[in-house]
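For reference, the structure discussed in these notes is given below.
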Amino acid sequence: MAQKYKKDDIVQVLTGKDKGKTGKILLVNEKSEKIIVEGINIAKLHKKKTEKSEGGILELPRPIHRSNLMLVCPEKKSPVKVGFKQIDKAKKRVSKSTGSTF
């Protein structure tokens, strides 16, 4: 089954506190439909000092639901809708506006 969002894709946030920001996908969880994007939805996490870690206040990107994201077309540099086409016996992602493949 083809995925709409893959690691290292550039996406733009549609809603929430980070609306309009773009970032690179770090991790995709298909089961929960959540995506971690670099520099988006940053939360402060307070960690206690242990033998292995120094502890302190860490800033980590938290997951965001895939419905709040849209892929950015490498050609247009703007968010686009994505469809799928059968090209050479492989299912490819295609931009609905420009027709280019991802």
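Some observations on this one:
- Cross-chain or 6+ apart pairs with Cβ under 8 Å, the stretch 88-99 first and over 16 Å from residue 6 (Cα atoms), then of a type outside the set (A, V, I, L, M) and not in a strand (DSSP E or B): 96/81; 97/73; 97/76; 97/81; 98/73; 98/75; 98/76
- Restricting the stretch 43-63 to residues that are under 20 Å from residue 33 (Cβ atoms) and touching an Asp or Glu at 6+ places or on another chain (Cβ under 8 Å), the residue that is surrounded by the fewest Cβ atoms within 10 Å (Cβ to Cβ) is 43.
- When 64, 57, 42 are checked against the criterion of being in contact (Cβ under 8 Å) with a residue 24 or more places away in the chain, out of contact with any helix residue (DSSP H, G or I) (no Cβ under 8 Å at 6 or more places or on another chain) and more than 24 Å from residue 100 (Cα to Cα), 64 stands alone in meeting it.
- The stretch 45-91, residues that are over 17 Å from residue 10 (Cα atoms) and basic (Lys, Arg): 47, 48, 49, 52, 85, 89, 91
- Screening the candidates 67, 100 for the property of being surrounded by 12 or more Cβ atoms within 10 Å (Cβ to Cβ) and either among the polar types (S, T, N, Q) or touching a Cys at 6+ places or on another chain (Cβ under 6 Å) (or both) yields one hit, 100.
- Count of the stretch 68-96 residues, restricted to those that are more than 17 Å from residue 22 (Cβ to Cβ) and either of a type outside the set (Lys, Arg) or part of a loop (DSSP other than H, G, I, E, B) (or both), is 9.
- Scope the stretch 40-51; condition in a loop (DSSP other than H, G, I, E, B) and over 14 Å from residue 70 (Cα atoms); matching residues: 41, 48, 49, 50, 51
- Among the criteria (1) farther than 24 Å from residue 29 by Cα; (2) in a strand (DSSP E or B); (3) of a type in the set (D, E, K, R), the one residue 54 does not fulfil is (2).
- Condition check for residue 4: in contact with a helix residue (DSSP H, G or I) (Cβ under 9 Å, 6 or more places away or on another chain) and in a loop (DSSP other than H, G, I, E, B): yes
- Within the stretch 9-39, considering residues that are touching a Lys or Arg at 6+ places or on another chain (Cβ under 6 Å) and either acidic (Asp, Glu) or in a loop (DSSP other than H, G, I, E, B) (or both), the one farthest from residue 95 (Cα to Cα): 38
Bear in mind that the values in this text are calculations on the coordinates, not laboratory data. Because the structure is predicted, anything quoted here is derived from the model rather than measured. Don't worry about glycine lacking a Cβ; one is built from the backbone with ideal geometry, like all the others, and counts go over all protein chains shown.
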